[in-house]
Every structure is written in C-alpha cells, then in structure tokens.
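**Q** Before anything else, here's the structure in question.
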Amino acid sequence: MEKKVKKVDIIFETALDTSPLDVLDKTLQRSADDIILELIDSGLKGRGGAGFPTGLKWKFTKNEDSDTKYVICNADEGEPGTFKDREILDRVPEKVFTGMTICGYVIGAREGYIYLRGEYNFLLKTLNAKLDIFNKALKDRNIDFQIFVKSGSGAYVCGEESALFESMQGFRGEPRNKPPYPTVAGYNFKPTVINNVETLVYVAMICRIGAEKFKALGTTDSRGSKVFSVSGDTPIPGIYELELGMPLSRFVDEFGDGDAKAVQVGGASGHCVPRKLFADTIIGFEGIPTGGSMMLFNSSRSMYNVLKDYLEFFTEESCGQCTPCRVGCQQLLKGIEAVKRGERPPAYLDEMKKLTGTMRIAAKCGLGQSVGNPFNTIIDNFREEIIY
Amino acid sequence: MSKIDLLVKGLVEQHGKTRNSLMPVLQGLVQQERFLSEEAMLVVARELDLAAAEVYGTASFYTFLDTVPRGKNIVRVCKTITCHMKGKEDIVNAIENTLKIRTGETTHDKKFTLLTANCLGWCHKGPVMLVNDEIYPDLTPQKAIEIIEEYATLNGH
Ligand SMILES: Cc1cc2nc3c(=O)[nH]c(=O)nc-3n(C[C@H](O)[C@H](O)[C@H](O)COP(=O)(O)O)c2cc1C
Ligand code: SF4
Ligand code: FES
C-alpha cells in the first residue's frame with residue numbers, strides 16, 4: 001500500500017488541446033438522460049459539505065414540470081478554513097461556467113447564477129469580464145443559457161441553499177422549512193439545481209475524461225478526488241487536490257508539523273479528531289466528510305480557545321430565526337466560559353452536550369444542527385483543556 | 001433631486017424595479033456611500049415600492065450592509081481561528097494605535113472605520129484583512145500600518 005497521500009490534478013489542470021468550450025460542445029451532443037446516467041455512474045457527490053449525489057439532484061430537477069428552472073453555483077464559501085472555491089473561480093472559471101451550462105441543458109434552465117460571497121468582491125471584475133466572453137460564446141452557438149453573478153453581503157448562513165435563495169430574492173437570509181427541496185421550489189420558488197463551485201467543475205471534467213477515470217480514484221463510498229484547504233499548524237498551508245478515502249494519519253504525515261495533536265475536519269461545523277484517532281479516521285463520506293477545510297493544531301494550542309472561537313462564530317452567524325439555535329449557541333458559549341472560570345462544575349459540560357442533541361433535532365437548518373459536531377468532539381477528546 | 005435620489009434611481013434602472021433587485025441596489029449604495037442612511041433606505045423603499053420596514057429588515061441582516069455611518073475606508077481584520085493563531089491580535093493593535101481608534105470605531109476625519117470579520121477565505125495566508133474590497137494577506141503589524149498609511153495619503157489630497 002502506498003504511504004503517501006495521492007495528489008491529483010483534475011480541477012486546476014488546463015490542457016491546451018481541450019478547452020472548456022470544446023467539452024461543452026462535445027457534451028451537448030449527448031442526450032440529457034445519458035449525461036445524468038454518467039454522473040450517477042461516476043458516484044459524484046456534492047462537494048459543498050452535504051454530499052448529495054449530483055446526478056440524482058439533476059434528475060429530480062429535470063423531472064419537474066416547469067417552464068422556468070434555474071442553475072445556481074454556490075460560491076458563498078463561508079465555512080472557516082475553506083478557501084478553495086475562490087481559487088477555482090480565480091484560476092479556472094470557464095470550467096465552472098461549463099458545468100453550469102451542462103446543468104442548464106440537462107434540466108432545462110435558461111438562467112444560471114453564481115452567488116459570490118461579498119468578501120470575494122475583488123473577483124467580480126475579472127469574473128464578469130470572463131462571463132461576458134463566455135455568454136457571448138453561448139449566444140454564438142445558439143445555446144439558450146446565460147450566466148450572471150449575484151453578490152452576498154457578509155452572512156455565513158446564506159451559504160445554506162434556501163437562505164441563499166431568500167437573499168437573491170431580496171430578503172433576510174433566513175433558511176426555509178424543508179420540504180419543499182430546491183429541486184422542487186428553489187430560487188423564485190422554481191425548480192433549481194444548486195451546486196458547489198467544485199462540484200460543477202467535476203461535472204465538466206467527468207464529461208471530459210469519463211466516469212471510469214473518475215471512479216478509479218477514491219473508494220466505493222467516496223468516489224474521486226477533492227480539493228482540500230489546508231491551514232493552521234502546517235509548514236505547507238494551501239490548496240491541494242487529493243484522492244478521497246485516505247486515513248487522516250496519512251494526511252497528517254504529509255501536512256503536519258510533526259507535533260499535530262488534533263485536526264478539525266470540515267471547518268467550524270465539522271469534527272475535531274484527536275491524535276489517537278488519526279489512524280482510524282477515514283476522510284470521506286464513509287468516515288468524516290468535509291467540504292475541504294482541514295485545520296491542524298499542534299500541542300502548543302489550547303483547544304478551549306479553538307472551541308470558544310467556533311462558538312463565537314456560530315453565535316454571530318446564527319440567523320436567529322429559531323430558538324434552539326439562537327439561544328443554544330449563546331448558552332454553549334457562556335457555559336464553557338463559566339466552566340473555565342469554575343462557576344459551573346465540570347458535569348455542566350455533559351448538560352451542554354444534551355443541549356446540542358436538542359439543537360440537532362430542533363434547529364431549522366444545518367447551522368444549528370451541526371454545532372454539536374465541534375462541541376462534542378472537542379469536549380470528549382480535550383475535556384481537561386476545557387475545565388482547567 | 002438629491003444625490004441619493006439620483007443614485008438610487010440609477011441603480012433601480014440598472015437592476016430593475018423588482019424585489020429581487022433589492023440586494024444589488026443596497027450593495028450599490030454601500031459601494032458609493034459606505035453605509036445606508038435612513039434617507040437612502042426611504043428612497044429605496046419608495047423607488048422599489050416596498051415598505052420602509054422591509055428595506056431596513058433586509059439591510060440590517062447583512063454585515064456588509066451597514067446602517068450606521070462608516071468611514072471612507074472600511075478595514076476588516078479577520079478574527080477567525082487560523083488568523084487568530086497567526087497573530088490577528090497584533091494586527092488589530094497596530095491599526096488601533098496608528099488610527100487612534102478602537103475596533104468598531106471611526107476616525108474623526110471619517111477616513112477609516114476599523115472592524116473585525118469572520119473568516120475571509122485566506123486562512124493559508126493569515127493574518128489577512130480587507131480594506132473596502134481589496135484583500136491583504138500575509139500581514140505583519142508593520143505591513144498593516146504601511147497599507148493603512150498608503151490609504152491615508154491616497155485619500156488625503
Ligand atoms: C450554514 C450552512 C452554510 C453553507 N455554506 C455553503 C457554502 O458556502 N458553499 C456550499 O457550496 N454549500 C454550503 N452549504 C451547503 C448548501 O446548503 C448545499 O447543500 C450545497 O450548496 C449543495 O451543493 P453540492 O451538492 O454541490 O454540495 C451550507 C450549508 C449550511 C447549513
Ligand atoms: S438553525 Fe440557526 S441559522 Fe438555521 S434557521 Fe435556525 S436560527 Fe437560523
Ligand atoms: S481564518 Fe482568517 S481568513 Fe480564514
């Protein structure tokens with residue numbers, strides 16, 4: 001067995017002989033059903049975090065009976081520790097546009113939108129310039145599809161798909177009740193495919209290299225590769241495309257500084273894995289999934305500070321719409337501070353774990369539901385650091 | 001017609017007179033004015049045929065749609081974990097000392113507002129800050145001060 005992580009070059013590669021438009025021309029000669037079958041066969045799952053099979057999502061939306069449908073590229077990228085979508089949009093935007101156009105063709109949409117977080121406004125000028133060229137190329141080909149950019153204005157929760165639609169419709173970014181799902185009622189309450197930036201590029205690349213080559217990478221549950229954003233205590237922070245399904249220990253061997261005591265997999269809303277579990281933790285949908293955020297912490301770091309930082313983040317970014325999340329985040333933050341100061345007994349931490357259980361069930365969206373991920377994994381593995 | 005009237009009319013013309021245009025119109029206003037005054041929000045409500053409360057309700061949700069007066073240059077230092085670990089505290093202190101304000105405040109000459117922000121998406125190059133829409137990665141306190149001074153002279157004459 002190979003001991004090193006397998007680096008892959010699919011997302012950022014720029015082969016001169018096949019431009020994204022060549023891929024588009026070739027793909028649009030195939031039937032929509034044929035493309036959907038290839039995507040399902042490839043095993044591609046969403047790269048934005050939730051991991052829903054992309055081919056199925058497209059199939060559901062295609063099957064909806066509606067004159068108006070939309071394709072949306074989720075470029076809100078607000079999860080702490082994630083910065084790969086910005087790099088993709090900066091370096092290979094045409095691949096993203098191509099993925100969106102293929103989606104428009106498959107589901108029967110005439111408009112696509114890129115929802116770009118306000119923090120990335122500096123990308124707008126070049127992105128719009130490249131879109132003008134691409135949109136014109138679509139018109140020249142008589143392809144009835146145009147892509148536009150919409151900006152966010154600094155709200156993490158707007159990355160949640162239904163909050164994103166609300167924001168685009170001119171409302172507060174408050175998540176909706178589900179169902180209905182976006183495939184039925186998304187932007188403007190019309191059937192909508194919303195995909196992460198990276199997912200759309202993989203679609204374009206699967207259409208180019210074929211499902212077989214993609215499937216040859218990864219594991220049964222986690223096909224293919226993924227772009228990782230590596231930060232924290234590492235000598236080589238940056239963006240790396242790696243094969244899915246590796247044990248975390250192999251990742252740490254490659255990226256750690258020799259003293260890693262924990263890795264936060266999946267950003268603030270993800271899971272904290274302590275050193276003793278590195279070897280048994282698989283990075284992928286069968287183990288711990290991640291939107292790509294990998295933050296390394298070495299033994300000089302206080303995990304109390306890490307958890308406090310995350311809870312402050314959630315307290316600020318909770319949309320406040322539902323009580324379990326709005327009040328829950330505040331109580332968790334106040335609670336660990338009280339335990340630290342000795343005003344509450346250590347057993348209070350277990351009470352708070354019960355609260356995260358309630359939040360998982362009762363909160364309306366993924367933000368409130370997943371606060372328990374970092375909370376419980378840090379409390380369970382670094383209890384002394386929280387108390388003393 | 002006031003300056004705000006003209007600005008809003010232009011933005012509504014560009015984006016269309018629909019609810020879906022509310023965000024781009026508000027964003028365009030902030031781009032020009034740095035914040036949304038009560039007057040501006042009332043004009044937007046009138047031009048888009050919305051209740052003023054709807055406009056304020058939407059605006060107040062978003063961190064970047066400020067409804068309190070801001071300086072000509074808005075500095076946002078990332079305060080999230082990786083930048084925290086890489087020394088954002090020193091960056092904030094250096095800027096506070098240079099501008100003689102605390103985080104959240106605006107300088108007397110209305111040239112700068114200093115704020116902190118959640119993860120800006122440059123964690124591999126922390127600490128980082130945004131000045132208006134421009135990003136400045138790999139900061140040191142010295143570099144941060146030089147950048148601020150550059151903006152101070154740029155806008156000075
Ligand atoms: C609070 C919250 C924030 C999210 N932020 C993002 C984001 O920034 N980018 C993203 O692609 N998905 C984000 N998601 C997931 C989206 O709701 C959605 O599942 C995703 O865009 C679907 O695309 P995919 O199937 O290609 O992964 C977020 C979810 C939640 C609950
Ligand atoms: S869980 Fe939190 S962020 Fe999600 S809808 Fe409820 S209050 Fe808003
Ligand atoms: S933590 Fe500062 S940019 Fe991500």
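No lab work stands behind these numbers, since they all come straight from the coordinates. No experiment lies behind these values; they were computed from the predicted model shown. Every residue, glycine among them, receives a Cβ derived from its backbone with ideal geometry; neighbour counts consider all protein chains shown.
**Q** What distance in nm separates the two pseudo spin-label positions at B:N20 and A:E337, each 7 Å out from Cα along the beta-carbon direction?
**A** 4.3 nm
**Q** Shifting gears a bit: Kindly state, to the nearest 0.05, the FRET efficiency for A:Y348 paired with B:E96, given R0 = 35 Å and r defined as their beta-carbon distance.
**A** Taking R0 as 35 Å, the efficiency between A:Y348 and B:E96 is 0.50.
**Q** Determine, from the Cβ-Cβ distance of A:E316 and A:I40 and an R0 of 51 Å, the FRET efficiency 1/(1 + (r/R0)^6), rounded to the nearest 0.05.
**A** 0.85
**Q** Next question, about the same structure. Translational diffusion coefficient of segment B:73-154 at 20 °C, 1.002 mPa s, Stokes-Einstein with Kirkwood Rh over Cα pairs, in µm²/s as a whole number. Spell out each step's value before the answer.
**A** Details: Rh = 12.2 Å.
For the chosen part, D equals 175 µm²/s.
**Q** So what is the 222 nm mean residue ellipticity for chain B from helices alone, if each DSSP H run of at least 4 adds -39500 (n - 2.57) and you divide by all residues, rounding to the nearest 500 deg cm²/dmol? Intermediate results must be reported in sequence, preceding the final value.
**A** On the way: 7 runs with 75 residues, N = 157.
Using -39500 (n - 2.57) per qualifying helix, the result is -14500 deg cm²/dmol.
**Q** Here is a further query. Averaged across orientations, what area in nm² does the convex hull of the alpha carbons in segment A:303-387 project?
**A** Details: hull surface 18.4 nm².
About 4.6 nm², averaged over all directions.
**Q** Could you pull out every residue, at least 5 positions away or on a different chain, whose amide H is within less than 5 Å of the one on A:I194? Hs are placed 1.01 Å off N in the peptide plane, and Pro or chain starts have none.
**A** Counting only residues 5 or more places away or on other chains, the set is A:I72.
**Q** With no other cysteine's Cβ closer than 4.7 Å, which Cys residues of the protein assembly as shown count as lacking a disulfide-compatible partner?
**A** A:C73, A:C103, A:C158, A:C207, A:C272, A:C319, A:C322, A:C325, A:C329, A:C365, B:C119, B:C123
**Q** A follow-up question, please. What FRET efficiency would be calculated for the residue pair B:E150, A:N63, taking the C-beta separation as r and a Förster radius of 51 Å, to the nearest 0.05?
**A** Calculated transfer efficiency: 0.35.
**Q** Do any of A:K62/A:K84; A:K3/A:K26; A:K62/B:K79; A:K276/B:K143; A:K3/A:K45; A:K334/B:K86 go past 32 Å between their Cα atoms, and which?
**A** From A:K62/A:K84; A:K3/A:K26; A:K62/B:K79; A:K276/B:K143; A:K3/A:K45; A:K334/B:K86, over 32 Å: A:K3/A:K26; A:K62/B:K79; A:K276/B:K143.
**Q** Something else: Under a point spin-label approximation (7 Å from Cα along Cα-to-Cβ), what is the A:F12-B:K72 distance to one decimal in nm?
**A** Rounded to a tenth, the inter-label distance reads 3.8 nm.
**Q** If you take every residue apart from B:G87 with its C-beta less than 13 Å away from the C-beta of B:G87, what net charge results, scoring Lys and Arg +1 and Asp and Glu -1?
**A** For residues surrounding B:G87, the net value is +2.
**Q** Roughly speaking, what is the centre-to-centre gap between segment A:1-51 and segment A:102-159 when only Cα atoms are used, to the nearest Å?
**A** Comparing the Cα centres of segment A:1-51 and segment A:102-159, I get a distance of 19 Å.
**Q** Return the whole-Å distance between the Cα centroid of segment B:76-121 and the Cα centroid of segment A:210-258.
**A** Their Cα centres are 34 Å away from one another.
**Q** Who wins for biggest fluctuation among A:R86, A:R117, A:R141 in a Gaussian network model of chain A, springs between alpha carbons below 10 Å?
**A** A:R141
**Q** Here's something else I'd like to know. Taking 0.36 nm per intervening residue step and subtracting the Cα-Cα distance, what contour gain separates B:M1 from B:Q31 on full extension?
**A** 8.8 nm
**Q** With viscosity set to 0.692 mPa s at 37 °C, what whole-number translational diffusion coefficient in µm²/s follows for chain A from Stokes-Einstein and a Kirkwood radius over Cα pairs? Don't jump to the answer; show the numbers that get you there.
**A** Values: Rh = 21.6 Å.
Stokes-Einstein gives a translational diffusion coefficient of 152 µm²/s.
**Q** Using only the alpha carbons of segment A:231-388, determine the length spanned along each of the three principal axes and report them from longest to shortest in whole angstroms.
**A** Projected onto its principal axes, the Cα set of segment A:231-388 covers 41, 34, 24 Å.
**Q** Describe numerically, in nm with one decimal, the distance between label points set 7 Å from Cα along Cα→Cβ at A:S299 and at A:R110.
**A** Spacing of the two 7 Å Cα→Cβ label points: 6.5 nm.
**Q** I'd like the distance between the alpha-carbon centres of segment A:165-194 and segment A:327-388, rounded to an integer number of Å.
**A** Each part's Cα centre sits 31 Å from the other's.
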